[in-house]
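The values are calculated or read from the model by the stated rules, or taken from the named source; none is laboratory data. Here the structure is a predicted model, which is why all the values come from computation and not from measurement. Note that each Cβ is placed from the backbone with ideal geometry, even for glycine, and that neighbours are counted across all protein chains shown.
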């Protein structure tokens with residue numbers, strides 16, 4: 001009886017360890033994806049900030065574009081954690097074009113300035 005209990009206990013422990021390994025791998029994978037998404041969001045913010053330096057241009061269209069880029073950078077910077085979590089929940093791949101599209105779409109959805117981009 002004692003031997004059967006020991007065998008059952010051992011099998012249960014081994015099963016628990018085997019099931020825990022994929023969970024640990026998923027946590028590591030999620031951390032890697034999060035880090036890549038954070039880096040891509042930072043690149044997006046830097047890109048928008050670089051474009052916002054054209055606010056002093058003599059062209060009205062360039063000034064408008066620079067102003068919108070400044071607002072995009074500010075929005076992305078202030079909501080970075082929520083945006084990254086939403087990308088993780090939506091399973092957005094950490095690819096530059098997908099992250100840029102996601103961030104631009106979220107900015108347009110939350111901003112009353114979408115009419116400015118259409119002018």
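Please pick out the residue among 65, 74 that is closer than 22 Å to residue 98 by Cα, surrounded by 14 or more Cβ atoms within 10 Å (Cβ to Cβ), out of contact with any helix residue (DSSP H, G or I) (no Cβ under 8 Å at 6 or more places or on another chain) and at pLDDT 90 or above. Give the derivation first.
On the way: 65 fails: out of contact with any helix residue (DSSP H, G or I) (no Cβ under 8 Å at 6 or more places or on another chain).
The conditions single out 74.
Can you confirm whether residue 103 is surrounded by 15 or more Cβ atoms within 10 Å (Cβ to Cβ) and in a helix (DSSP H, G or I)? It is true that residue 103 is surrounded by 15 or more Cβ atoms within 10 Å (Cβ to Cβ) and in a helix (DSSP H, G or I). Is one or more of the residues making up the stretch 16-29 touching a helix residue (DSSP H, G or I) at 6+ places or on another chain (Cβ under 9 Å), assigned to a helix (DSSP H, G or I) and either at pLDDT below 90 or surrounded by 10 or more Cβ atoms within 10 Å (Cβ to Cβ) (or both)? No: zero hits. Considering only residues of the stretch 87-100 that are in contact with a helix residue (DSSP H, G or I) (Cβ under 7 Å, 6 or more places away or on another chain) and part of a helix (DSSP H, G or I), which is nearest to residue 72 (Cα to Cα)? That would be 100.
Among the residues of the stretch 49-74, count how many are in contact (Cβ under 8 Å) with a residue 24 or more places away in the chain and over 22 Å from the mean Cα position of the chain (by Cα). Here the count works out to 2.
Consider residue 84 carefully, then state whether it is under 10 Å from the mean Cα position of the chain (by Cα), surrounded by 18 or more Cβ atoms within 10 Å (Cβ to Cβ) and assigned to a helix (DSSP H, G or I). Yes: the conditions hold for residue 84.
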